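Before any comments, here is the structure.
The values are calculated or read from the model by the stated rules, or taken from the named source; none is laboratory data. It should be emphasised that the depicted structure is a prediction, and the values quoted were computed from it without experimental measurement. All Cβ positions, even for glycine, are placed from backbone atoms using ideal geometry, and neighbour counts span all protein chains on display. SASA here: full protein model, heavy atoms, side chains in, ligands and nucleic acids out. Shrake-Rupley method; radii C 1.70, N 1.55, O 1.52, S 1.80 Å.
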Amino acid sequence: MSTMHCSLLSLGCVFGCAPAHNQTSLTVLRALKIAQRRLRPEVRAKLLGISSSRTDGSLTPEAWRFVFLDPATSGNCRVVTVAAKTSSEHPDTVEAFSSVKTESAAAAHAITQNKLAMDSDQVLAQARGAAKLKGIRSAEYHLGQPRSGQEPLWTLSFYVEAPEPVARFQIGAKTGAVKILANA
């Protein structure tokens, strides 16, 4: 690899950009590494949740939103959004993360990040293997920690045209165990 290529790659990492070969598929574990670079070391380990907005027909998210516990901010949270080409940080904006809206950030359990063995593409494959999904147009991903010490759980919601999901799955982030929550 040339010196110029390494410098440009390093420059992209400094600004939170994914390398060109990762732009087509930004998995959650790749995006998490980018998000963590934007944070102070003491905040990086305090991940409260991960989500994506509804996707297109490929069902692969183009952006991920991470919420970290950060007592140094007035909202006690720091939200970092990572897309294929950019990343941004939003201190104090808990409202931007839908699963944290209804519960207090202090009551949420930090996700044990060393238990995140299943990447987002593997989680999607697990859900597809559990049920035949026909006509699905988009999906939402959410990751949370139910209780301290338990396995973090992915919740995948699949949509056709309606605003309500037609199928929902819960998948273990470590074991890959699938539980069907709702299937139309």
Here the residues within segment 159-184 that are open to solvent by less than 60 Å² (accessible area, probe 1.4 Å) and within 15 Å of residue 138 (Cα to Cα) are 159, 160, 162, 165, 166, 167, 169
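For residues that are hydrophobic (A, V, I, L, M, F, W, C), closer than 16 Å to residue 84 by Cβ and either in contact with a strand residue (DSSP E or B) (Cβ under 6 Å, 6 or more places away or on another chain) or open to solvent by less than 10 Å² (accessible area, probe 1.4 Å) (or both), tally how many sit in segment 24-43. Write out each step before concluding.
Filtering segment 24-43 down to residues hydrophobic (A, V, I, L, M, F, W, C) leaves 26, 28-29, 31-32, 34-35, 39, 43.
Filter once more, keeping what is closer than 16 Å to residue 84 by Cβ: 26, 28-29, 31-32, 34-35.
Going one step further and asking which of them are either in contact with a strand residue (DSSP E or B) (Cβ under 6 Å, 6 or more places away or on another chain) or open to solvent by less than 10 Å² (accessible area, probe 1.4 Å) (or both), we end up with 26, 28, 31, 34-35.
Number of matching residues: 5.
Going through 136, 111 one at a time, which residue ends up being closer than 19 Å to residue 64 by Cβ, in a loop (DSSP other than H, G, I, E, B), at pLDDT below 90 and open to solvent by less than 60 Å² (accessible area, probe 1.4 Å)?
Numbers: 136 fails: closer than 19 Å to residue 64 by Cβ.
Answer to the selection: 111.
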The residue from 139, 162, 130 that alone is among the hydrophobic types (A, V, I, L, M, F, W, C) and in contact with a Leu (Cβ under 6 Å, 6 or more places away or on another chain) is 139
All conditions in (1) surrounded by 17 or more Cβ atoms within 10 Å (Cβ to Cβ); (2) at positive phi are true of residue 149 except (1)
